1. So which residues in the stretch 233-252 are assigned to a loop (DSSP other than H, G, I, E, B), touching a residue at least 24 places away in the same chain (Cβ under 8 Å) and surrounded by fewer than 17 Cβ atoms within 10 Å (Cβ to Cβ)?
2. Residues that are more than 18 Å from residue 41 (Cβ to Cβ) and over 19 Å from the mean Cα position of the chain (by Cα): does the stretch 104-114 have at least one?
3. Has the stretch 217-232 got any residue that is surrounded by 14 or more Cβ atoms within 10 Å (Cβ to Cβ) and among the acidic types (Asp, Glu)?
4. Check whether at least one residue in the stretch 142-154 is modelled with pLDDT under 95, over 16 Å from the mean Cα position of the chain (by Cα) and farther than 25 Å from residue 193 by Cβ, and report yes or no.
5. Does the stretch 10-45 hold any residues that are in contact with an Asp or Glu (Cβ under 8 Å, 6 or more places away or on another chain) and within 18 Å of residue 112 (Cβ to Cβ), and which are they?
6. Which residue pairs have Cβ atoms under 9 Å apart, sit 6 or more places apart or on different chains, and have a first residue in the stretch 151-179 that is of a type in the set (A, V, I, L, M) and a second that is in a strand (DSSP E or B) and modelled with pLDDT under 75?
7. Kindly state which helices (runs of 4 or more DSSP H) lie completely within the stretch 67-162 and contain at least 2 residues that are surrounded by 18 or more Cβ atoms within 10 Å (Cβ to Cβ).
8. Going by what's in this entry, would residue 195 be described as assigned to a helix (DSSP H, G or I) and either in contact with a Pro (Cβ under 9 Å, 6 or more places away or on another chain) or more than 22 Å from residue 117 (Cβ to Cβ) (or both)?
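The values are calculated or read from the model by the stated rules, or taken from the named source; none is laboratory data. Keep in mind it's a predicted model, so treat the numbers as computed, not measured. Heads up, the Cβs are rebuilt from the backbone with ideal geometry, glycines too, and the neighbour counts pull from every protein chain shown.
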Amino acid sequence: MKVLLLAGGFGTRMAEYTESIPKPMVTIAGKPILWHIMQRYAKFGYNEFIIALGYKADVIKEYFVNYSILNSDFMVDLANGQIETFQNNSVDWKITLVDTGQETMTGGRVKRLKNYINDETCLLTYGDGISDIDISKLVNFHKQHGKMVTVTGVHPTARFGEIKIENEQVVSFKEKPQTASGWINGGFFVIEPEFFDLIENDQTILEHEPLEYAAKKGQLMAYCHDGFWQCMDTKRERDQLEVLWNTGNAPWKL
């Protein structure tokens, strides 16, 4: 099962960093938050990733092209250009990098990845939210209910998209209302291939028509996660995540 990652937004609320790098490349303990998210999936055996790029796509491409060098000690022989690594911190990840357009909306980015999933169930999340979610339990939940989409409901530290849940089924999906039930869209989706057909074009926002329609048709289920979840939307939130890591209290670390 492949993991789709949305990593193409402008990240305007983190301008301190995103004038030079895309938000998923902002680091926590020296590693991009994108890496932390991927590491979480990989620990549960999901190590095939498809990353939807947009803003400053070249930064993410260069990071993964040079991943082995960036994460190893090495010697360069300038006479012949050969490189010898002394420690290899490589990982067994397969990563497909897809430029989905700088102005494309979240739904459009997902739609552009359709040809890379071979008509199979896949995982989907944002490139700026970290959690201690058990991915295996999420997938099992999705398989058991048999519906088109699973969204992970989390308790917010701020108000984002609210999901109304009845008997584990999402009956309403609204982006940025006043929170009523205490659950918000935390990302960490599981989607069936037919969900791509609900996305019209590059201007479709994932959190609007596609998910709203799935909820209306009874095809959107909620996996309720009571544990840790944090979206890195501001420098303050980034710094809080850094403190958690440096003090040995990072719940997402396995």
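1. Once the filter is applied, which keeps residues that are assigned to a loop (DSSP other than H, G, I, E, B), touching a residue at least 24 places away in the same chain (Cβ under 8 Å) and surrounded by fewer than 17 Cβ atoms within 10 Å (Cβ to Cβ), the stretch 233-252 yields 234, 251.
2. no
3. So far as the stretch 217-232 goes, no, none of its residues is surrounded by 14 or more Cβ atoms within 10 Å (Cβ to Cβ) and among the acidic types (Asp, Glu).
4. no
5. 24
6. Short answer, once both residue conditions are applied: 151/163; 151/173; 163/173; 163/174; 170/163; 171/163.
7. Passing ranges, in order: 106-112, 135-145.
8. Criteria met by residue 195.
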